[in-house]
Amino acid sequence: MSVRAVKMLSKTNRLVRRFSTASSTSYGADTNSLYAASGMIRLSNSDGQFEFHTKFLRENLANAWDHSSLQRVANNVSADVKLLSAEPCGPIEWNLKFSDGTSGKFALPPREDKDLKDYPRELWGGEKMPVSEIENLLLNVHFQKGGLLFEHEELMHDDFEGANRAPEQLGQGRANLPTSVANARAKLFEAVHKYGMAMINGVPRVPGEGKRFADSVVGAVETTPFGYSFTIKNVEDPHNLAFHNMKLQHHIDFTYCTKPSDIALFHCIQNADSGGDSLWLDGFAIAEVLRKEFPEDFEVLVNTPVRHMDVTDKWDLQATHPTICLSDSGELERIVFNERTRDSWRQCGEAMKQQEQPQANSEAFYEALGKYEALVENTEWHANTPLQPGQMVLFDNRRVMHSRNKFTGERHMEGSYIEWGGAHATWRSLVRQAAGQQIRYCGFSL
C-alpha cells in the first residue's frame, strides 16, 4: 500500500490513522502493545502502523458479514469489547480475537475505488469541440472505436423477459452478464457521463422499449409525473407544447419537479414526413462561457431562485431552482432552463404576499438570463441528429438541452428516464463484470 493510498484512506475514514512507519510485527497475547490512546488499536505491516477503533475492527471481520447478501450480521456489539490478540496472516490481513469470544480475519480497507463521477467530462460546441464532431461521434462512430454509437443487440441480454424490474432487482440472483454485454453497458454510461449523450441503433420500433431497456440495464426505470414513459405525438389542444408540431426552444425536462429527471431515453418509433429533427445543446459548455465572459451574470443565475410550473386538469406542479446549479466545490451540477415553464407571474405574486421583491424580478436577473438565452439560441452550439425509426438517444437531462424543428406528419417518439444514482451503482458492477472480477469485501469474495 503506497503512502498516497494510506493518506487517502485516512482522509475518508477517521476510524483509521497512519501515524508512523514500522516493520511488520506479529502481535500475540500482549495486548498492551496493541492499544494506543482513546481505545484505538495499532496494527502494523511493512507500509507502517495504522490505528483503528476496537468496534470498527470487530464489525468489519470477514465473518461479521453475510457472504451472500453482503449485509452485516454482527449487530449490537458491546461498547466494552476488547481486542485480545492480533496475528498477521497476509500482507494486509490479521487474525483477531476479541473478549466477547469472537475471532476472525480483518483486512485493511481498499485503496480508492474507481467511480464514474471521477472521470472528466468533455464539453462540446464552440471552437474547442465543434458540434459537427459530436454529431459524427453519435451517428457514425461505434463505441469500440471511441464513438458514441451503440447497437441494441450489444446491450441487451436474452435472460431478461420484460418484468417490471430486472430479475436481479427481485432477488432472483445477481446479473451474470456476458463480458461483451457488461463492457458495452459500462461504455454506454461512460459516454453519457463524459459527453452527455449516446446513440443506440436497432431498437425495436414498438412502444415500451425505453422502459424495457431501463428496467433491464439498471433494474428500474425512473418514474415521472407522466408515469414510467410518455408518448410524444402531435395532438389537438395539447397541455404541453411538446405534444404540438411547433418548433421548440432548447430546454431541460421536468424543471417543475423538485428533482428534475436525470438520464433521458428518447426512442424514435416513427419520424415525421418532414422536419422534426432532434437538436441538442451542451448546457454546461455555454454555462462555462458565461462564467468566463460574464462572471457576475453567472453568479446571478447561480444565486437566483426561479420558479417553474406545469398546470393541467390533473395537477399543478411547482418547483423552484436556480438556473445554474453548482456542487459544493463549484463544479457544474445541473442546468434548469426552460422558458416554456418559467413561472415568473406566480413567483412574483408569492413575493408580493410577503411584501418582498423576488430576485427573479430584477434588472440583474433579466440581464443575466438574457445573456444565457442568447447562447442557447446561437446555432453554432446546436447539434442536429435527425433520429430515424429504431434509434434511441440517451442524454443527461441535467446537462444537455434538447429541442426540435417544426414538423409535419405523424411523428411518434417515446420517452423514459434513468436515475443517475442507479446508473452509477450499475456501472460499478458492470466494470467489475467486464474485467472478470469478483466482488471483494472485508477480505472475502462473493
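Coordinate-derived values only; no laboratory data. Keep in mind it's a predicted model, so treat the numbers as computed, not measured. Methodologically, a virtual Cβ is constructed for each residue, glycine included, from the backbone with ideal geometry; neighbour enumeration extends over all protein chains shown.
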Task: Sites Q437 and K314 - FRET efficiency at Förster radius 35 Å, r taken between beta-carbons, to 0.05 - done: 0.15
Task: Under Karplus coefficients 6.51, -1.76 and 1.60, residue-wise ³J(HN,Hα) of region 429-446 in Hz, glycine/proline x - done: 5, 5, 4, 5, 5, 5, 8, x, 9, 7, 6, 10, 8, 6, x, 10, 10, 8
Open item on the list: Can you compute the FRET efficiency between Q270 and Q359 using 1/(1 + (r/R0)^6), with r the Cβ-Cβ distance and R0 = 60 Å? Round to the nearest 0.05.
Closed with: 0.85
TODO: Could you list which residues have their amide H under 5 Å from that of H53, counting only those 5 or more apart in sequence or on another chain, with H placed in the peptide plane?
DONE: I41
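For every other residue with a beta carbon closer than 12 angstrom to the beta carbon of N338, add +1 if it is Lys or Arg and -1 if Asp or Glu, then tell me the sum.
Summing Lys and Arg as +1 and Asp and Glu as -1 gives -2.
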Task: Placed amide H near L326: partners under 5 Å, 5+ positions off or other chain - done: E333
Task: Cut-off under 5 Å, modelled amide H: who pairs with I92 long-range - done: none
Task: Around V203: net Lys/Arg minus Asp/Glu count, Cβ-Cβ under 13 Å - done: -2
Open item on the list: Output wanted: per-residue J couplings in Hz (rounded whole) for region 195-209, from phi through Karplus 6.51 cos²θ - 1.76 cosθ + 1.60, θ = phi - 60°, x for Gly and Pro.
Closed with: 9, x, 8, 7, 10, 10, 9, x, 6, x, 8, 9, x, x, 6
